[in-house]
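First up is the structure itself, then whatever we jot down about it.
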Amino acid sequence: MAGIHITDIESAINYWRDKKPASADSSLAPETSALAEVYARMVFRRELETEEFSISLDAMLAWLAWYGTTPDTPCIAICSTSQGDQECKGCGRSFSEVQLWTQMRPAEKRQIWRRISLEARALRFNKYAERVSKGPYFQRSGSMSTLSEPSPSINTPS
């Protein structure tokens, strides 16, 4: 089973804190509160990951809402697995991860994102990093990923 890393819980909490700040009486939004319970339990138990099916439905729904704001795939359209490599030079995923990506659950995808980000060997993290930060990127549209234009707030070369 896939685990959700504590840094993803933190990111989801921060997402909800920005989206729904605490009220004047200092009460947290329900989404923030649900995720804070998961975070507190992880800190208390000194866990870096929690099983995806061990958190409450409210916490999972809040986490999935945050997850929906993250890029779906690490692909930068330089796939060396199509040339026979066992690990893609473009994104860092294994051949089987590339093939099974559309069938994976969100927590499984986040585990792979975390691994390839920590390894930072793939071209997406060095030579072609500008494709990720300045160029068009893959963004969720319902359950499908579609190529979309960059946000107007992102500076792109003319």
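The values are calculated or read from the model by the stated rules, or taken from the named source; none is laboratory data. As the structure is a prediction and not an experimental result, all values here were calculated from the model. Note that each Cβ is placed from the backbone with ideal geometry, even for glycine, and that neighbours are counted across all protein chains shown.
Taken as a whole, the condition of being surrounded by fewer than 17 Cβ atoms within 10 Å (Cβ to Cβ), of a type in the set (Phe, Trp, Tyr) and either over 27 Å from Ala29 (Cα atoms) or under 16 Å from the mean Cα position of the chain (by Cα) (or both) does not apply to Phe44. How many residues are part of a helix (DSSP H, G or I) and either in contact with a His (Cβ under 8 Å, 6 or more places away or on another chain) or farther than 10 Å from Ile13 by Cα (or both) if we restrict to segment 39-58? So the answer is 11. Here is the figure for segment 14-36: residues that are among the acidic types (Asp, Glu) and without any contact (Cβ under 8 Å) to a residue 12 or more places away in the chain total 2.
Do we have Ser11 as under 25 Å from Arg115 (Cα atoms) and either in contact with a helix residue (DSSP H, G or I) (Cβ under 8 Å, 6 or more places away or on another chain) or not assigned by TED's automatic domain parsing to the domain that holds Pro106 (or both) here? When the stated conditions are applied, Ser11 passes them.
Is it the case that segment 19-28 has a residue that's closer than 26 Å to Leu123 by Cα, modelled with pLDDT under 95 and buried (at least 17 other Cβ atoms within 10 Å of the Cβ)? No, the conditions are met nowhere in segment 19-28.
Every residue, every condition in (1) of a type in the set (Phe, Trp, Tyr); (2) modelled with pLDDT under 90, yes or no:
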{"site": "Tyr67", "(1), (2)": "yes, no"}
{"site": "Pro74", "(1), (2)": "no, no"}
{"site": "Ala77", "(1), (2)": "no, yes"}
{"site": "Arg124", "(1), (2)": "no, yes"}
{"site": "Ser143", "(1), (2)": "no, yes"}
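Restrict the check to segment 92-111 and report whether at least one residue is modelled with pLDDT under 90 and of a type in the set (D, E, K, R). No; the residues of segment 92-111 include none that is modelled with pLDDT under 90 and of a type in the set (D, E, K, R). Among the residues of segment 47-60, those identified as of a type outside the set (Val, Ile, Thr) and surrounded by 15 or more Cβ atoms within 10 Å (Cβ to Cβ) are Glu49, Glu52, Asp58, Ala59, Met60.
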